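Here the structure is laid out as structure tokens; the discussion comes afterwards.
The values are calculated or read from the model by the stated rules, or taken from the named source; none is laboratory data. Quantities reported herein were computed from a predicted structural model and do not represent experimental measurements. Counting neighbours? That spans all protein chains shown, and the Cβs are built from the backbone with ideal geometry, glycine included.
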Number of protein chains: 2
Amino acid sequence: MEEAQVGKSSRFKRVCVFCGSSTGKRNCYQDAAVELGKELVARKVDLVYGGGSIGLMGLVSEAVHSGGGHVIGIIPRTLMGKEVGLLNVDGYYNSLLAFIDKAVDDGFIKPFQRHIIVSSPNAKDLVQKLEEYVPVQDAVVATLRWEKEQAGYNFCLQADISR
Amino acid sequence: MEEAQVGKSSRFKRVCVFCGSSTGKRNCYQDAAVELGKELVARKVDLVYGGGSIGLMGLVSEAVHSGGGHVIGIIPRTLMGKEVGLLNVDGYYNSLLAFIDKAVDDGFIKPFQRHIIVSSPNAKDLVQKLEEYVPVQDAVVATLRWEKEQAGYNFCLQADISR
């Protein structure tokens, strides 16, 4: 091979994957599941089971396992409440995302809650986006700290975040 | 009043309502929440809390309570796994329904699972639809029984239902 496979680093020790317990009727979903498994292996990220070992879930775990990655069968509490990545294969989640945006527009989901969902049509981009993800709360804290230093005023941070 | 309010009967002793813990940004949602509460009172159906007592949830329970209906604060186990009614105010759930239909088309949700969701743009129609709801399993049993009587063959019911 001319180009050696360079191991990518990741800020994640593990990710929890939820997907279909069936494989679906179209090949693109199965291909994407395998791609995702390979991407996790390339980044040395462990896989945490969010579903069963059949269907798409089985394909992801098989890809991680056969690539030498670790597969963990339970969901640690510490994974809860983190950012959510949607692998939006061939626009599968477009309507769901539209619904979530509608709920934000109409005042039932707060914009900072919407922000935890990132999506991409392929595994590589999705994992990259998750790597680069900055929680809104942290972003607000950073901005406020900067603004406070600049202008010297005080903010009620909690009110700002929960607005 | 020329037309006396005739008490409607219901096959439901109670329904569990989930809705926004905020009131949303548009009046139509608040109006619909109150309408739903009134419809439950008219049918003498008790309300089971699926959410908090604020926002739209608060409006529904207020309407039931002030109409003389019963409001129950917990979700009984027996309510789980029943049909689901979406009060699709001004098309709020259209994208979610489109997503669910996509999931059925692509083989991730079985058609009989999709069938448990009924929707309507107004409370009166929605409750009426729920009243008339026939579970697919029951419908399949009825059809199979009829077909068996007509043609004399045996079916593997479980396989048929889980197809």
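Please list, ordered by residue number, the helices (runs of 4 or more DSSP H) wholly in segment A:61-163 having 1 or more residues that are modelled with pLDDT of 55 or more.
Details: elements: A:94-105, A:111-114, A:123-132, A:136-151, A:157-161.
Where helices (runs of 4 or more DSSP H) fall fully within segment A:61-163 and carry at least 1 residues being modelled with pLDDT of 55 or more, they are A:94-105, A:111-114, A:123-132, A:136-151.
When you scan segment A:80-104, how many residues do you find that are in contact (Cβ under 8 Å) with a residue 40 or more places away in the chain and either at the interface with chain B (Cβ under 8 Å from one of its Cβ atoms) or polar (S, T, N, Q) (or both)?
Within segment A:80-104, the subset in contact (Cβ under 8 Å) with a residue 40 or more places away in the chain is A:83, A:85-87, A:89-90, A:92.
Next cut, either at the interface with chain B (Cβ under 8 Å from one of its Cβ atoms) or polar (S, T, N, Q) (or both) only: A:92.
Adding up the residues that qualify gives 1.
Those residues that are away from chain B (no Cβ under 14 Å) and closer than 13 Å to A:Ala123 by Cβ, I need them from segment A:11-30; list them, please.
Kept after step one, since they are away from chain B (no Cβ under 14 Å), are these residues of segment A:11-30: A:11-17.
Matches in segment A:11-30: A:Val15, A:Val17.
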Review point. Mind checking which residues of segment B:80-107 are touching a Cys at 6+ places or on another chain (Cβ under 9 Å) and surrounded by 15 or more Cβ atoms within 10 Å (Cβ to Cβ)?
Key: B:Leu87, B:Val89, B:Tyr92
Review point. Over 20 Å from B:Glu131 (Cβ atoms) and not β-branched (Val, Ile, Thr) - does that describe any residue in segment B:36-50?
Key: yes
Check your understanding: Restricted to segment A:31-41, and to residues that are away from chain B (no Cβ under 14 Å) and under 16 Å from the mean Cα position of the chain (by Cα), which residue is farthest from A:Val71 (Cα to Cα)?
Key -> A:Glu35
Review point. Restricting attention to segment A:27-56, which residues are in a loop (DSSP other than H, G, I, E, B) and modelled with pLDDT of 90 or more?
Key: A:Arg43, A:Lys44, A:Val45
